[in-house]
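*Asks:* Handing you a structure now.
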Amino acid sequence: MATDLDALLGREVVYDGEGYSREALQGMVTEYQGRHQSNLKSLEELSKAHDDLASEMTKDLADNKTAWEHLKNIFTFRKVGSNFRGLLEKIPLISDAVPDRAINDLLEEKIEVAQRRVQQIGNYLDQMQSQVEALQVDITRLNKRMIVAAVNEERAASYVLELETALSAIEAQIAGLDEEKGAEARALQVQRDELKQIIWRHGAKLRLYSNAEDRIAAIVKMNNNFLEILTNLHANMQTLYDSGNEVLNELTGNLAGLASAAKAADLTQEMQGAMESLKESVNKVAVLASETSLYLTQNVERMTSEMKIYDEATQQLVESNLAAEREIKEQRIDETIELARKEYGHFQEARRTGSHTPVERQPSGGEGA
Amino acid sequence: MEPLRFELAVDGPLPEPRTVEAAAAETRPRFIGGEAADAYVQRLVRAIGAARLNAFFPDARRLTRHLSFLGGAGSHGVYDGLFVARSSGLPTAREVLRVKIDGDLAEDFLRDVAEQRPPSPESPLARRIAYYRELSAAEVMQLNHMSVELRQRRESDGAALFRVRYDRFDLASEMFVRYTILLTQHGAGGVRGVRFEEELARATEGFRRIISRFASDEAELCFVLLSEEPNIVVEDVRRCRIGPLLGAGSKLASDEQSADALAALLDPARSQLPDPWILCFPEDRAGLDVTANSSGDALAPLLRDALSEQSRTLLDRKADELGYRVAKQRKFVCPRGLQKPLAALCRKLGAPSVVRGI
């Protein structure tokens, strides 16, 4: 028995990992609180950026279906000017009234604004991708630390329980002695005190590791929440990016043709005006204007044949994207309600049991507590 | 030179397209990826540098810097290649615009990411940061930029003589272009003219708009239309472009004879070059100092040569009224192996031209 007790008292319990102290743990928690605040702010900004970009880029695409009619009219030289203005109003962004400016300038401006939005989204995507990767790495690292804490916690608990058994046995022996101040009693009391000290020391370790495990679990949970939101937002942004690119590809694929027609429409009209000062017959001036127009648009014919902005496939893509977005929103609402129910259940449970913090596991307190 | 022939079809609709696929194959931009894209960009940059462009052309230093950000190598891998316009053989408007917009976005982006944890090396974000850092420190093209310079102020009649430079990326031809306009303004300028603020000439918004509207095709059209503005006397309009870049299978908007001869030069089988190409630098000018209408450009006729007799007479009367004449010329850069045959072809077509080889 004495040999067993000596072995128990002299056992070197080794805990894995380093850097576990109350200060280090508190430091980590504080750092993560700051990081989570920053994540919240960043998510808020990203979410707003997404909503703004989504409303700018999808509204006009989904609502208008007659751009092709304008294009056909432009390329068959029917009321080119008014049809061009009509077309410009169908291009997403700057959907307000088209001011009295050169059509080509407006076209250029609209393309630039639309492309700027798409590139902004591309930048957000890269940033979010990097944040997702960092969070994933962080979660893996924290999970490893949590496992180390759990192993250490188990090791400390097991040792403390062994010590507690030995302590009970010694206390029973002391109680069984007649002579409280005899030599045997004194020896047992010394062992009891030593046991208590070791229990206190490893009990503190037990609480530290238990606390660390809980704290890390809470941080991981929060990180997982961020990861989920970020991943959803990334998917939404990717959808926007893809549909924006799709539209831009359609537009820019036909841009040279559109610009040729716009330029010809503008310049021919102006040329007609300029030639009127020659006091020639209206017919002659009109022929010159027509020939000039043809000179300027000699490549238009082949370019018109592939005009299919907002064709059926694009419409379907945009509409399916919007449908997917709506579905995700519905899903989010369901998740939110579920979360509220779960949290409410925790609160009710905490009230019933008299706990103060409605979390799944109650923290065990800090070292030396 | 044979005038261009047109079938006037303005009274009715144009013929229905053959098939969307066939037409799309002709006009859709061509994607070049990987090392081929980097080699394409390098060739373009070298060719522009070799052209020794004067001040009437778009700024070659800025332009080559702009183009150097295209493709995978130029963008640090942010983009994996580039789209090339089939009509001009040059990067599409979207590619050109992309560099400009990235340059605009770079500062805010770099500020935002500076507040975040540094990304892992070789991640997309790390590559974008490297690309944006380099781009934000570079001087690239301004895609729509006008400058007005006072040449002289005449005390006798209060007239002001200006030189207007207007740089744009022309969406229709998908080429960089610079217009240089010499004009005299009588009076204060009004809402569509140039004003003086603290002795500096400032173009009004109205003036910018008319220049942007009229300087969108041939120099001659710009000359005629700008001359309609009250209080403005136009002296000279010069349009200088960079492009197209011709290669095997390029569409050549010229008459049959020159198109066939050029196609032969650009055909690897006939030219005995593995990858023949020709970069063009066309210039057209309408000015009071130009003594006679002349086209020294084998690939582009004068507007009047493409018109019917009746319309040409009208245009010539307008030219007489305003006192201008028009001239065209074009210089070329190509591989050394094409230099002599191309120069010989230009002479044969009656348009001797500067041809530089690299």
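The values are calculated or read from the model by the stated rules, or taken from the named source; none is laboratory data. What you are looking at is a predicted structure, and each value in this text was computed from that prediction instead of being measured. Note that each Cβ is placed from the backbone with ideal geometry, even for glycine, and that neighbours are counted across all protein chains shown.
*Asks:* If a residue counts only when it is over 21 Å from B:Ile181 (Cα atoms), which strands (runs of 3 or more DSSP E) contained entirely in the range B:260-358 have at least 3 such residues?
*Replies:* Counting at least 3 such residues, we get B:277-287, B:325-334, B:355-357.
*Asks:* Then there's this: Would you mention how many residues in the range A:270-299 are assigned to a helix (DSSP H, G or I) and surrounded by 14 or more Cβ atoms within 10 Å (Cβ to Cβ)?
*Replies:* 19
*Asks:* Are any residues in the range B:28-51 at pLDDT below 95 and either among the β-branched types (Val, Ile, Thr) or assigned to a loop (DSSP other than H, G, I, E, B) (or both), and if so, which ones?
*Replies:* B:Arg28, B:Pro29, B:Ile32
*Asks:* Could I ask something else about it? Inspect all residues belonging to the range B:48-64 and state whether any of them is aliphatic (A, V, I, L, M), closer than 29 Å to A:Arg117 by Cβ, crowded, with 19+ Cβ neighbours inside 10 Å and in contact with a Pro (Cβ under 8 Å, 6 or more places away or on another chain).
*Replies:* no
*Asks:* To continue, here is another question. Could you grab the pairs with beta carbons closer than 6 Å, sequence gap of 6+ or different chains, first residue in the range B:111-129 and facing another protein chain (nearest Cβ under 7 Å), second one outside any helix (DSSP H, G or I) and aliphatic (A, V, I, L, M)?
*Replies:* From the range B:111-129, the pairs are B:Arg128/B:Val78.
*Asks:* Output the number of residues of the range B:302-358 satisfying the condition of being aliphatic (A, V, I, L, M) and away from every other protein chain (no Cβ under 14 Å).
*Replies:* 12
*Asks:* Count, please, the residues in the range B:138-173 that happen to be touching a strand residue (DSSP E or B) at 6+ places or on another chain (Cβ under 8 Å) and under 30 Å from B:Phe83 (Cα atoms).
*Replies:* The number of residues fulfilling the criteria is 13.
*Asks:* Quickly run through the range A:267-276 and pick out the residues that are more than 8 Å from every other protein chain (Cβ to nearest Cβ) and more than 60 Å from the chain's Cα centre (by Cα).
*Replies:* A:Glu276
*Asks:* Here is a further query. Search the range B:51-72 for residues that are under 16 Å from B:Asp38 (Cα atoms) and in contact (Cβ under 8 Å) with a residue 24 or more places away in the chain and pair each with any residue that is in a loop (DSSP other than H, G, I, E, B) and among the acidic types (Asp, Glu) when their beta-carbon atoms are under 7 Å apart and the residues are at least 6 apart or on different chains.
*Replies:* B:Arg65/B:Glu139; B:Gly72/B:Asp80
*Asks:* Separate question: Inside the range B:107-128, can you point out the residues that are aromatic (Phe, Trp, Tyr) and not in a helix (DSSP H, G or I)?
*Replies:* Hits for the range B:107-128: nothing passes.
*Asks:* Would you call B:Ala292 surrounded by fewer than 19 Cβ atoms within 10 Å (Cβ to Cβ), in contact (Cβ under 8 Å) with a residue 24 or more places away in the chain and hydrophobic (A, V, I, L, M, F, W, C)?
*Replies:* Here the answer is yes, as B:Ala292 does meet what is asked.
*Asks:* Moving on to the next point. Kindly check whether there is at least one residue in the range A:230-246 that is closer than 30 Å to B:Ser212 by Cβ, surrounded by fewer than 22 Cβ atoms within 10 Å (Cβ to Cβ) and either of a type in the set (D, E, K, R) or out of contact with any Leu (no Cβ under 8 Å at 6 or more places or on another chain) (or both).
*Replies:* There is at least one residue in the range A:230-246 that is closer than 30 Å to B:Ser212 by Cβ, surrounded by fewer than 22 Cβ atoms within 10 Å (Cβ to Cβ) and either of a type in the set (D, E, K, R) or out of contact with any Leu (no Cβ under 8 Å at 6 or more places or on another chain) (or both).
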